[in-house]
Amino acid sequence: MAEDKTLKLHLSIPDQHVARSYVQTLFLFPFSNQLLVEDAVKALEEGLLVALTRFPYLAGTLGPECPEKGTLTLRYPSKIEPTHVKSLFSYEILAKEEYDYQELKKRGMPTSTFKGRVFAPRTLREHPGVISEDVEGIMDFRFNTAPVIGVEAFFIPGGLALSAYTHHSVMDGTGRAAFLKHFAEDVRNRGTHDLELIRSNADGDDSRINIDARVPHIPFGEPIPEAEVYKHGVEKFKKTLPEGTPCAGKIFVISRKRMEDFREQLISDGIETEKPVSIFNILAALVWIHVTRARKSHLGEYEESSIAIACDVRKRLDPPLKKRYMGNLAFGTKATLPIKLLTTEKFVTNKTIIRTIRCINYNIAKVDNAWILRHLLYFAHRGPITDTELGINFSFGPDMYMTSWLNFEAYEEWNIPGAAPRPEFFRRSHSELDGGIVFLPRPREKINGVDAPYEILVRIAEEDMNRLVSEEQGLSKWCETIY
C-alpha cells in the first residue's frame, strides 16, 4: 500500500499578515451523568474525525517560517486517520469544587474561572515552542512549529467545557465559525457519514490563491498605499500604565429590547449615518465612550482615542468570491475621536453617543472594494514579515481593538451523550489583556419568551475596570448585570 502523502496548503496574503496566535472558544454544557463520559468522548472523536476529513488542512502543522521572507507554510496529511484525531483531541476530568457548573452558572460563567493554563487544549499546552502554558499571545515561528487546532473536553462537576483553539493564521472568525458549525453537525449526526464521499469532496481551499490574484498591479515607482491599523515594524508608543499592571475581564450584559428601543428612538429623532444604524454601532459607541472615561486619569498627553474594528470583507469584494472562503479576510478599520469629546461631560449625553455612533458607522461604511484592494496591495508589498502586531496604541494606551462574534451561531445542537443538546454558555478563556473587546455570540432562540441579551467581554486594566463598573450614570446603567 502506498504511503500517504503530505500536502501543502497555500496560505493567502491576508493569512500571512494576521496576528500569529490562537483564538480560544469554550462551549459550556450541563453534563449530569458522569457514567457517560466515555460515550461523550467517543462521540466527540467521531465527529472530529469527520470534520477533519472535510477540512484536512486543519490537522496540519504550521511553520517554521521562511528565514528570508518571514512567511509561514502549512503541511497536512492527505488522508485523515483516527490517529490524527488522537493527536489533536484529549479529555480531562476536573473534579475541583471551584469548577462546579451550577455554582459557576449562578455567577454567569465568569471568564476569570477559565484560565488558559487549565482550559487550553493539552496538545497545545504541551507542544514545544507554543508561546506559554496559557497558550496566549503572538507565536515566534522562526524555529518553531504549531498544530493548526487543538480540542479538549473538560468534564467538570455537573458540566462539560469543550475547548477548541484554532490558529488565526489559517482561519478568521467566519472560517472558524464554519468549522465549528460542521464539528457540531458531525457530532450530532455521527454514524451516518460516508467518509469516502466526504474525502472525495474535501476542501482544499484553493480560493486562497484566488484572493492573492485580486492584488492590483502597481506601476513601478509608485508609492505603496498605507493601511489604517497596520504598520511595518512593531508600533512603539508611550504606555499610560506600567507593563504588568493587573488586568480584569468582565462581561457586560445588555438587553436586546433596550438596544432596539434606543435605536428606534435615534432613528425617529433623525440620526444621520452613512448606513442604517446597527445595534453593533450603538454597543461599540457605549463601550468606547465609557472605557475612555474610565482611563481618563492616566491618558496624560494623548489627545485622541481610536478603536480598531475587525471587519469581514467577504461580502464587500467585487466580484464576490465564487466559493466559501475559510481563510482570513477580516481587516481592521479605524475610528478616531478627541478624548475631550468622550470625557468632559459629567454624565454622557445622547449628543455624545450620537456623534460616536456616526463616527463608527462612517468608518465601517467606507470599507468597499477599493478599500479592500488597497489593503491587499499594502500587505502584498509589505516586505519581509517581521511582526504581525496591530499599529495602534493598544494595550495600556488610549486605543481599543473590537471584534464582533455576533454573527457566529455558537449555540448549535451537538447532542453529546450525557450533555444538554446545546451549549448553555459560550466563553473565551481568561487572558491578561488591556483594550481587547469581544462582542460574544448570543443564542438565536428566545429564552423564556425573551430575546437573549448581548454579552460584551471587556478586558482592561483592573483599576480602570473598577472605575468603569462604578461610574455614576455610566455603562452599568445600560446593563442588566455584569459578570
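The values are calculated or read from the model by the stated rules, or taken from the named source; none is laboratory data. Owing to the predicted nature of the structure, the values given are computational and were not obtained by experimental measurement. As a convention, Cβ positions derive from the backbone with ideal geometry for all residues, glycine included, and neighbour counts pool all protein chains shown.
Observations
- Matching residues in region 360-370 - criterion: being out of contact with any helix residue (DSSP H, G or I) (no Cβ under 8 Å at 6 or more places or on another chain) and part of a helix (DSSP H, G or I): Tyr362, Asn363, Ala365, Ala370
- Every condition in (1) surrounded by fewer than 18 Cβ atoms within 10 Å (Cβ to Cβ); (2) in a loop (DSSP other than H, G, I, E, B); (3) over 25 Å from the mean Cα position of the chain (by Cα) is met by Thr273 except one, and the failing one is (1).
- In the set Thr240, Thr336, Thr273, only one residue is in contact with a Ser or Thr (Cβ under 7 Å, 6 or more places away or on another chain), β-branched (Val, Ile, Thr), touching a residue at least 24 places away in the same chain (Cβ under 8 Å) and not assigned by the TED database to the domain that holds His182; that residue is Thr336.
- Any hit, region 169-177, residues being hydrophobic (A, V, I, L, M, F, W, C), surrounded by fewer than 22 Cβ atoms within 10 Å (Cβ to Cβ) and in the same structural domain as Arg20 (by the TED database): yes
- Ser306 being assigned by the TED database to the domain that holds Glu389, within 30 Å of Thr386 (Cβ to Cβ) and within 24 Å of the chain's Cα centre (by Cα): yes
- The residue list Lys257, Lys231, Lys250 contains one member that is surrounded by 12 or more Cβ atoms within 10 Å (Cβ to Cβ), over 30 Å from Ile372 (Cβ atoms) and within 27 Å of the chain's Cα centre (by Cα), which is Lys250.
- Restricting the first member to region 61-85 and to residues that are in the same structural domain as Arg142 (by the TED database), and the second to residues that are surrounded by fewer than 20 Cβ atoms within 10 Å (Cβ to Cβ) and aliphatic (A, V, I, L, M), the beta-carbon pairs closer than 8 Å and six or more apart or on different chains are Glu65/Ile385; Lys69/Ile385; Gly70/Ile385; Thr71/Ile385; Arg75/Leu7; Tyr76/Leu7; Pro77/Leu7; Ser78/Leu7.
- Candidate set from region 184-222 (those that are of a type in the set (A, V, I, L, M, F, W, C) and under 29 Å from the mean Cα position of the chain (by Cα)); member that is surrounded by the fewest Cβ atoms within 10 Å (Cβ to Cβ): Ala213
- Any chance Ile437 is in a helix (DSSP H, G or I), modelled with pLDDT of 95 or more, more than 30 Å from Gly47 (Cα to Cα) and under 21 Å from the mean Cα position of the chain (by Cα): no
- Once region 276-296 is narrowed to residues that are assigned to a helix (DSSP H, G or I) and farther than 19 Å from Val438 by Cβ, the residue that is nearest to the chain's Cα centre (by Cα) is Arg293.
- So Ile307, is it at negative phi, part of a helix (DSSP H, G or I) and in contact (Cβ under 8 Å) with a residue 60 or more places away in the chain: no
- Complete set of residues in region 173-204 that are of a type in the set (A, V, I, L, M, F, W, C) and over 17 Å from Asn328 (Cα atoms): Phe183, Ala184, Val187, Leu195, Leu197, Ile198, Ala202
- For region 183-216, a tally of residues being in a loop (DSSP other than H, G, I, E, B) and closer than 25 Å to Arg324 by Cα returns 15.
- Inter-residue pairs, beta-carbon under 6 Å, first of a type in the set (Asp, Glu) and in region 140-153, second in a loop (DSSP other than H, G, I, E, B) and at pLDDT 95 or above, 6+ apart: Glu152/Pro121
- Of the numbered criteria (1) farther than 24 Å from Glu389 by Cα; (2) at pLDDT 95 or above, the one Pro319 fails is (2).
- Hits in region 60-75 (condition: modelled with pLDDT under 95 and either within 17 Å of Thr166 (Cα to Cα) or crowded, with 24+ Cβ neighbours inside 10 Å (or both)): Gly63
- Scanning region 383-407 for residues being of a type in the set (Ser, Thr, Tyr), under 18 Å from the mean Cα position of the chain (by Cα) and at pLDDT below 90 gives a total of 1.
- Take the conditions (1) within 21 Å of Ser32 (Cβ to Cβ); (2) crowded, with 23+ Cβ neighbours inside 10 Å; (3) among the hydrophobic types (A, V, I, L, M, F, W, C); Met109 misses just one of them, which is (2).
- Residue in region 74-106 that is farthest from the chain's Cα centre (by Cα), counting only those that are over 18 Å from Ser32 (Cβ atoms) and of a type in the set (A, V, I, L, M): Ile80
Residues checked against (1) part of a helix (DSSP H, G or I); (2) in contact with a Gly (Cβ under 9 Å, 6 or more places away or on another chain); (3) surrounded by 17 or more Cβ atoms within 10 Å (Cβ to Cβ):
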| position | (1), (2), (3) |
| --- | --- |
| Leu11 | no, yes, yes |
| Gln24 | no, yes, yes |
| Asp39 | yes, yes, no |
| Leu44 | yes, no, yes |
| Ala51 | yes, no, yes |
| Leu58 | yes, no, yes |
